[in-house]
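K.L.:
Quick one: structure below, then a few questions.
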Amino acid sequence: TNYHPELNPKKFFEKALAQMEYYSHGIFKGERSPHKVVPHDKFNPMQSITYQIVMLLIVPMQFLTGIMMWDVKRFESWINVFGGLKVVDTIHVVIFIFFVSFVMVHAYMGSLGQRPSSHFKEMFTGYEEEH
């Protein structure tokens with residue numbers, strides 16, 4: 001049987017913690033990322049977790065709250081389930097603020113490569129530059 005460390009939750013969260021430590025201070029000290037990009041594992045644990053949270057929870061919630069506000073009369077019962085229009089509107093606006101912040105942080109982190117364009121080039125081409 002083949003052993004896949006990416007399927008081991010304990011190892012995954014250990015790697016995620018190491019990645020958090022790197023993003024919180026190691027990156028500013030010039031340390032190397034604990035995640036080595038390889039063709040079958042391009043995303044570090046933090047990228048993987050964040051992508052799943054955004055795509056499986058936040059985007060659907062943004063869509064749902066937007067639809068509810070689009071036709072308040074039709075979705076009045078759903079709006080009441082969420083706690084009323086103020087709550088639905090607040091959730092929608094908070095998620096919008098999150099998305100704007102998310103894009104700005106991505107742009108900033110994208111510029112932290114060997115050169116300011118390195119990570120952007122990697123995103124578009126799929127190939128990481130050698131360090």
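K.L.:
So what's the back-of-envelope 222 nm ellipticity for the chain, counting only DSSP H runs of four-plus at -39500 (n - 2.57) apiece and dividing by all residues, rounded to 500?
P.N.:
On the way: 6 runs with 78 residues, N = 131.
Calculated from helices alone, the mean residue ellipticity at 222 nm is -19000 deg cm²/dmol.
K.L.:
Continuing with the same structure: Rolling a 1.4 Å sphere over the protein heavy atoms, what is the accessible area per residue of the chain, to the nearest Å²? Can you show the working numbers first?
P.N.:
On the way: 10140 Å² over 131 residues.
Roughly 77 Å² per residue, with all protein chains present.
K.L.:
Would you be so kind as to identify all helices of the chain, as entire DSSP H runs, whose Cα atoms reach 27 Å or more along the helix's own axis and whose mean Kyte-Doolittle hydropathy is at least 1.6? Could you put the intermediate results ahead of the total?
P.N.:
Working: long enough: 85-110 (37 Å, 1.79).
In the chain, the long hydrophobic H runs are 85-110.
K.L.:
Size of the dipole of the chain about the Cα centre, Lys and Arg at +1 and Asp and Glu at -1 on the beta carbon, nothing else charged, in debye to 20? If you can, show how the numbers build up before the last one.
P.N.:
On the way: 12 positive and 12 negative charges, 24 e Å.
Computed about the Cα centre, the dipole is about 120 debye.
K.L.:
Quote the FRET efficiency, to the nearest 0.05, computed for LYS29 versus LEU7 with a Förster distance R0 of 41 Å and r equal to the Cβ-Cβ distance. Before the final figure, lay out each step's value.
P.N.:
On the way: r = 32 Å, r/R0 = 0.77.
After rounding to 0.05, the efficiency reads 0.85.
K.L.:
So, one more: Let's test the formula: R0 of 30 Å, r as the Cβ-Cβ distance of VAL59 and ASP89. What FRET efficiency results, to the nearest 0.05? Write down the numbers at each step before the final one.
P.N.:
Details: r = 18 Å, r/R0 = 0.59.
It comes to 0.95.
K.L.:
Something else about it: Treat each spin label as a single point 7 Å out from the Cα along the C-beta direction, and report the VAL105 to ARG74 distance in nm.
P.N.:
Label at VAL105, label at ARG74, 3.4 nm between them.
K.L.:
Quick one: what do you get for the chain if you divide its Cα Rg by 2.2 N^0.38 Å? Numbers along the way, then the final one.
P.N.:
Values: Rg = 19.2 Å, N = 131, 2.2 N^0.38 = 14.0 Å.
Its radius of gyration relative to the 2.2 N^0.38 Å reference: 1.37.
K.L.:
In percent, how large is the relative contact order of region 1-74, given Cα pairs closer than 8 Å and 6 or more residues apart?
P.N.:
Values: 30 pairs, mean separation 16.3, N = 74.
RCO, region 1-74: 22 percent.
The values are calculated or read from the model by the stated rules, or taken from the named source; none is laboratory data. This one's a predicted model, so the numbers in the text were calculated from it and none came from an experiment. Note that we place each Cβ from the backbone using ideal geometry, even for glycine, and neighbour counts take in every protein chain shown. Please note that ligands, DNA and RNA were not included when accessible areas were found on the heavy atoms of the full protein model with its side chains. Shrake-Rupley method; radii C 1.70, N 1.55, O 1.52, S 1.80 Å.
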